[in-house]
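Enquirer: One structure coming up, written as structure tokens, with questions to follow.
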Amino acid sequence: MGCFECCIKCLGGVPYASLVATILCFSGVALFCGCGHVALTGTVTMVENHFSRITSDHATLVDVVQILQYIIYGIACFFFLYGIILLAEGFYTTSAVKEMHSEFKTTVCGRCISAMFVFLTYILGLGWLGIFGFSAVPVFLFYNMWTTCGAMKSPIANLTSVDNICVDVRQYGIIPWNATPGKACGSTLSDICNTSEFYLSYHLYIVACAGAGATVIALLIYVMATTYNFAVLKFKSYDHSHTTKF
């Protein structure tokens with residue numbers, strides 16, 4: 001067999017579905033974790049500087065953000081390893097890999113591990129659907145604030161003053177109702193909207209939400225790929241055992 005035939009055989013053994021899913025998963029998780037981490041830090045800075053002057057009022061928010069950031073670290077590490085494992089499993093269940101062996105063999109343990117990947121990937125996909133929905137919440141909140149700032153630049157005709165336009169973050173449960181000032185109106189709100197913390201956090205939340213959506217798509221591809229791999233293992237195992245009887 002020449003070099004060209006070997007290259008073709010190797011390319012035929014690449015699990016392209018798992019490879020695409022792995023690239024998409026790594027990209028999505030990296031965007032979600034990296035952008036989400038920075039956006040959370042910017043949100044805390046914005047609240048501390050403009051909406052809550054007493055440390056005890058936003059202490060709970062700081063604790064929650066720190067917990068979320070630690071969770072982000074764990075998610076990044078877990079999916080880096082899990083993506084590599086699923087990609088390796090895809091390589092070992094392609095036809096080219098099987099053809100390199102004179103006899104295809106599989107065990108009950110191997111089929112159980114493959115079935116476990118199908119179940120675990122399905123559960124992770126459902127979990128990431130929830131994360132995707134959760135990541136859309138700060139995008140919605142920042143979008144409301146963004147549109148409110150835009151309304152001040154071109155105020156509605158029946159408003160006598162832009163000071164009537166306010167954003168109260170206390171209604172979102174971010175800080176308690178007794179926090180001061182808790183809200184921003186008029187020129188103060190306009191100044192907040194022009195800060196780097198607000199602008200950067202808003203767009204980073206959008207990118208993080210898009211990253212979560214990309215991860216959901218990647219896990220959907222993984223589910224299809226692992227299901228196919230399990231079916232191949234089961235079929236080949238049955239076919240091999242059936243052939244040995246005769």
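The values are calculated or read from the model by the stated rules, or taken from the named source; none is laboratory data. These figures come from a predicted structure and were not determined experimentally. Every residue, glycine as well, gets a Cβ built from its backbone with ideal geometry; the counts of neighbours run over all protein chains shown. Only protein heavy atoms, including side chains, enter the accessible area calculation; ligands, DNA and RNA are left aside. Shrake-Rupley method; radii C 1.70, N 1.55, O 1.52, S 1.80 Å.
Enquirer: Can you pull out the residues in the range 175-204 that are open to solvent by 20 Å² or more (accessible area, probe 1.4 Å) and either assigned to a loop (DSSP other than H, G, I, E, B) or under 18 Å from A76 (Cα atoms) (or both)?
Expert: If the condition is that a residue be open to solvent by 20 Å² or more (accessible area, probe 1.4 Å) and either assigned to a loop (DSSP other than H, G, I, E, B) or under 18 Å from A76 (Cα atoms) (or both), then P176, W177, N178, T180, N194, T195, L204 are the ones that fit.
Enquirer: Moving to a separate point now. What single numbered condition from (1) open to solvent by less than 70 Å² (accessible area, probe 1.4 Å); (2) at pLDDT below 75 fails to hold for F235?
Expert: Going through (1) open to solvent by less than 70 Å² (accessible area, probe 1.4 Å); (2) at pLDDT below 75 one by one, F235 breaks only (1).
Results for (1) within 30 Å of A225 (Cα to Cα); (2) open to solvent by 70 Å² or more (accessible area, probe 1.4 Å); (3) without any contact (Cβ under 8 Å) to a residue 24 or more places away in the chain, shown as yes or no for each residue.
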| position | (1), (2), (3) |
| --- | --- |
| C33 | yes, no, no |
| G42 | no, no, no |
| T45 | no, no, no |
| H50 | no, no, no |
| R53 | no, yes, no |
| D63 | no, yes, yes |
| I67 | no, yes, yes |
| G74 | yes, no, yes |
| C77 | yes, yes, yes |
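Enquirer: Ok, one more. I'm trying to understand the selection: among the residues of the range 160-169, which are buried (at least 18 other Cβ atoms within 10 Å of the Cβ) and either outside any loop (DSSP other than H, G, I, E, B) or hydroxyl-bearing (S, T, Y) (or both)?
Expert: So the first thing to find is which residues in the range 160-169 are buried (at least 18 other Cβ atoms within 10 Å of the Cβ), and the list is 165, 167, 169.
V167, V169 - these are the residues of the range 160-169 that are buried (at least 18 other Cβ atoms within 10 Å of the Cβ) and either outside any loop (DSSP other than H, G, I, E, B) or hydroxyl-bearing (S, T, Y) (or both).
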